[in-house]
1. Any residue in region 9-23 that's free of Cβ contacts under 8 Å to residues at least 24 places away in the same chain and closer than 14 Å to A37 by Cα: show its pairings with residues that are in a loop (DSSP other than H, G, I, E, B) and of a type in the set (K, R) at Cβ separation under 8 Å, as long as the two are six or more apart or on different chains.
2. Please count how many residues of region 347-386 are modelled with pLDDT of 90 or more, out of contact with any Ser or Thr (no Cβ under 7 Å at 6 or more places or on another chain) and more than 27 Å from L299 (Cα to Cα).
3. Give all pairs with beta carbons closer than 8 Å in which a residue from region 271-284 that is touching a residue at least 12 places away in the same chain (Cβ under 8 Å) meets a residue that is within 15 Å of ligand 1 (Cβ to nearest atom) and polar (S, T, N, Q); count only pairs at least 6 apart in sequence or on separate chains.
4. Quick check, is I57 within 16 Å of ligand 2 (Cβ to nearest atom), among the aliphatic types (A, V, I, L, M) and either over 25 Å from the mean Cα position of the chain (by Cα) or not in a loop (DSSP other than H, G, I, E, B) (or both)?
5. Counting only residues that are of a type in the set (G, A, S) and assigned to a loop (DSSP other than H, G, I, E, B), which one in region 3-23 is nearest to R193 (Cα to Cα)?
6. Assess whether V313 counts as being of a type outside the set (S, T, N, Q), within 14 Å of N355 (Cβ to Cβ) and more than 23 Å from the chain's Cα centre (by Cα).
7. Which condition number does V192 fail, the rest of (1) modelled with pLDDT under 90; (2) over 25 Å from the mean Cα position of the chain (by Cα) being met?
Amino acid sequence: MAKEKTHYVCSDCGGTSPKWQGKCPSCNAWNTLIESAPESASPVKNRFASLAKTAEIAVLGDIDAIDMARTPTGHEELDRVLGGGMVEGGVVLIGGDPGIGKSTLLLQALDSLQRSGQSTLYVTGEESGAQVALRARRLGLEGSQVRVLAEIGLEKILATLQATQPDIAVIDSIQTVYSDQLTSAPGSVAQVRECAAHLTRAAKASGVCIVLVGHVTKEGALAGPRVLEHMVDTVLYFEGDTHSSFRLVRAIKNRFGAVNEIGVFAMTEKGLKGVSNPSAIFLSQHAEPVPGSCVMVTLEGTRPMLVEIQALVDSGGPSPRRLSVGLDKDRLAMLLAVLHRHAGVACMDQDVFVNAVGGVRISEPAADLAVLLAITSSLRGKPLPKGFFAFGEVGLAGEVRPAPRGQERLKEAAKLGFSVAVVPKANLPRNLKTKDFEGLTIHAVERVEQAMEVVRNL
Ligand code: TYD
Ligand code: MG
């Protein structure tokens, strides 16, 4: 039988075309045709036929809600983001910049899983077996029993999974895997989607837990289609500066645990080590307070962490620049407008740079107040007092809104010896007399201008 030819499907309207064209013949959209696997005419050969025949309807109340058995990886910080460990039949996607430590972490995890009696398989498409062995030696994993397969053909990988039936398999990386069914190159949208779909199906059918490594584009999104994130059960992202030794692994999506949970690691010469008490690692060490620096308490997942926000305001040219690292750029523009309108502080002719220290990315709006205070501190050249911190969301009307779980944040800062706080009024603890807040002076504010006033008088 002749090989079935692939066709091209429009990602907007779903129209098809036998060959690639710049414009979709159905909806006239540009650049939307993507190669996809042929749909065969006979229903038996449908790619998902094997799943379809097992479907049975059950009443929800009759289904036993069995807790998923989790296999701890032996790395506490990784287990934390996974929601307790690997789940049978679960598919985990782990993304991150090149060289950030994806392969390192997964090799370490596989080795400890293997040592605890699980059977593992490490499929590498980027490195040879010898290179993996070299890394293992560097990590101090002598005599590791992890099975390694250097292969990029999807069909061969699936056959190996079928034959060896490992408990946990790592595919490093999904961008290097290719299927014979498609003509496009490995790493293309069509290939990545097709391969991930097949691997996901294999995981669900056989109960093997599969970890896919994904590359990220320059913009920081996972290369390949977003659809990859929908397909898998858990999406983890590596964050952090490759220049600093700290790495964060964040859960973006987790069907088996909490999202936005983060695990903190330090890269050492013997691989990644979990940092169990990370609350103070994102503070830069100043002997004396400096202008343009404000500490905030961020709550990622279940753990509060102190992060230093730095701002530099400097006279700019006719079109001043606004740059932010680790914080949302649009939010910065909005905050500057609020600062001008409600607190009368103008930065119109100034370059404004803000940075979250240590390569941590802060997405929660509770950083707003600290960003504003860091900016005004830099503009005036006046440092905030020693032991100062702030958190709270700032609205367009100039109001300061409460941050979720404010008490926990305050407690964490007090524990680390911070002494002065500016926080939203609604976050003020009812009972300040308890031991948790000892030595802490809390200024509760309702509006931005009030916060500025408090800071000016400190
Ligand atoms: P790697 O795990 O190969 O990253 P990825 O798979 O995400 O591309 O990168 C590891 C980086 O960390 C590499 O730059 C070298 C460094 N490293 C260490 O510092 N210590 C170690 O023990 C190892 C194995 C790597
Ligand atoms: Mg790698």
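1. Every condition considered, the pairs that remain are P18/K5.
2. Of the residues in region 347-386, 5 are modelled with pLDDT of 90 or more, out of contact with any Ser or Thr (no Cβ under 7 Å at 6 or more places or on another chain) and more than 27 Å from L299 (Cα to Cα).
3. G271/T104; G271/Q108; L272/T104; L272/Q108
4. Values: within 16 Å of ligand 2 (Cβ to nearest atom): no; among the aliphatic types (A, V, I, L, M): yes; either over 25 Å from the mean Cα position of the chain (by Cα) or not in a loop (DSSP other than H, G, I, E, B) (or both): yes.
Judged against the criteria, I57 is not a match.
5. Within region 3-23, the subset of a type in the set (G, A, S) is 11, 14-15, 17, 22.
After this cut, where a residue has to be assigned to a loop (DSSP other than H, G, I, E, B) as well, the list is 11, 14-15, 22.
Working: S11: 13, G14: 16, G15: 18, G22: 21 Å.
For region 3-23, the residue satisfying everything is S11.
6. Details: of a type outside the set (S, T, N, Q): yes; within 14 Å of N355 (Cβ to Cβ): yes; more than 23 Å from the chain's Cα centre (by Cα): yes.
Criteria met by V313.
7. Of the numbered conditions (1) modelled with pLDDT under 90; (2) over 25 Å from the mean Cα position of the chain (by Cα), the odd one out for V192 is (2).
Matching residues to (1) small (G, A, S); (2) more than 15 Å from ligand 1 (Cβ to nearest atom); (3) modelled with pLDDT under 90; (4) at positive phi:
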{"site": "E77", "(1), (2), (3), (4)": "no, yes, no, no"}
{"site": "V91", "(1), (2), (3), (4)": "no, yes, no, no"}
{"site": "P98", "(1), (2), (3), (4)": "no, no, yes, no"}
{"site": "Q108", "(1), (2), (3), (4)": "no, no, no, no"}
{"site": "E127", "(1), (2), (3), (4)": "no, no, no, no"}
{"site": "V132", "(1), (2), (3), (4)": "no, no, no, no"}
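The values are calculated or read from the model by the stated rules, or taken from the named source; none is laboratory data. What you are looking at is a predicted structure, and each value in this text was computed from that prediction instead of being measured. Reconstructed Cβ throughout: ideal geometry from the backbone, glycine too, with neighbour counts over all protein chains shown.
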